[in-house]
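Below you'll find the structure, written out as structure tokens, and then a few comments.
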Amino acid sequence: MSSNNIQWHKLADHINLLPWQPNNLCVVSVAGKYITLARTSGDSIHACAHKCPHASGIMADGFIDALGNIVCPLHRYKFALSNGRNVSGEGYYLKTYAIEQRADGWYIAFEKKGIFSW
Ligand code: FES
């Protein structure tokens, strides 16, 4: 992914300013797109798609398991937050997004593929 194809968007000045639910997940709207954020130990943030690739479960209504995977609330398929790999083995892939912490806050990267998709 070349840096010219990446657009960074600011999420928040501080991790505590994001709308975390008790399950350490939340939904944010960034540049018109809904994104699931996951807060994991050590106060790091991961970002993934709003809906599950299996049957559109709302990922933020699921939970983070003891291994740090996000678990969909509908059929409990599990995905690695680091790369979206379907670690429970059903063969799906959850879109993930790069997150960066900078001196002035937290940012998410979207890949620019064209006018209508990224
Ligand atoms: S909709 Fe997510 S596991 Fe089925």
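Of the residues making up the stretch 87-98, those that are closer than 18 Å to residue 47 by Cβ and either more than 9 Å from the ligand (Cβ to nearest atom) or within 11 Å of the chain's Cα centre (by Cα) (or both) number 7.
Of all residues in the stretch 57-72, those being within 6 Å of the ligand (Cβ to nearest atom) and surrounded by fewer than 18 Cβ atoms within 10 Å (Cβ to Cβ) number 0. Annotation: of all residues in the stretch 4-28 being within 16 Å of the ligand (Cβ to nearest atom) and not polar (S, T, N, Q), the one that is surrounded by the fewest Cβ atoms within 10 Å (Cβ to Cβ) is 27. Residue 104 satisfies every condition listed in (1) out of contact with any Ser or Thr (no Cβ under 8 Å at 6 or more places or on another chain); (2) within 16 Å of the ligand (Cβ to nearest atom); (3) among the charged types (D, E, K, R) except (2).
For the stretch 56-72, the set of residues classified as part of a helix (DSSP H, G or I) and of a type in the set (A, V, I, L, M) consists of 59, 60, listed by residue number.
Mind checking which residues of the stretch 82-109 are among the hydrophobic types (A, V, I, L, M, F, W, C) and under 21 Å from residue 17 (Cα atoms)? It would help to see each step written out before you state the result.
Within the stretch 82-109, the subset among the hydrophobic types (A, V, I, L, M, F, W, C) is 87, 94, 98-99, 103, 106, 108-109.
Across the stretch 82-109, the qualifying residues are 98, 99, 103, 106, 108, 109.
Scanning the stretch 29-50 for residues that are within 13 Å of the ligand (Cβ to nearest atom) and surrounded by 18 or more Cβ atoms within 10 Å (Cβ to Cβ), which turns out nearest to residue 97 (Cα to Cα)? Before the answer, list the steps.
Step one: filter the stretch 29-50 for residues within 13 Å of the ligand (Cβ to nearest atom), giving 36, 48-50.
Of the ones still in play, those that are also surrounded by 18 or more Cβ atoms within 10 Å (Cβ to Cβ) are 36, 48-49.
Values: 36: 10, 48: 6, 49: 8 Å.
Among them, the one singled out is 48.
Here residue 75 passes the criteria (1) part of a loop (DSSP other than H, G, I, E, B); (2) more than 16 Å from the ligand (Cβ to nearest atom); (3) surrounded by fewer than 14 Cβ atoms within 10 Å (Cβ to Cβ) except the one numbered (2).
Read-outs throughout are calculated quantities, based only on the coordinates presented, and are distinct from any laboratory measurement. As the structure is a prediction and not an experimental result, all values here were calculated from the model. Neighbour counts are summed over all protein chains in view; Cβ atoms, including those assigned to glycine, are modelled from backbone coordinates with ideal geometry.
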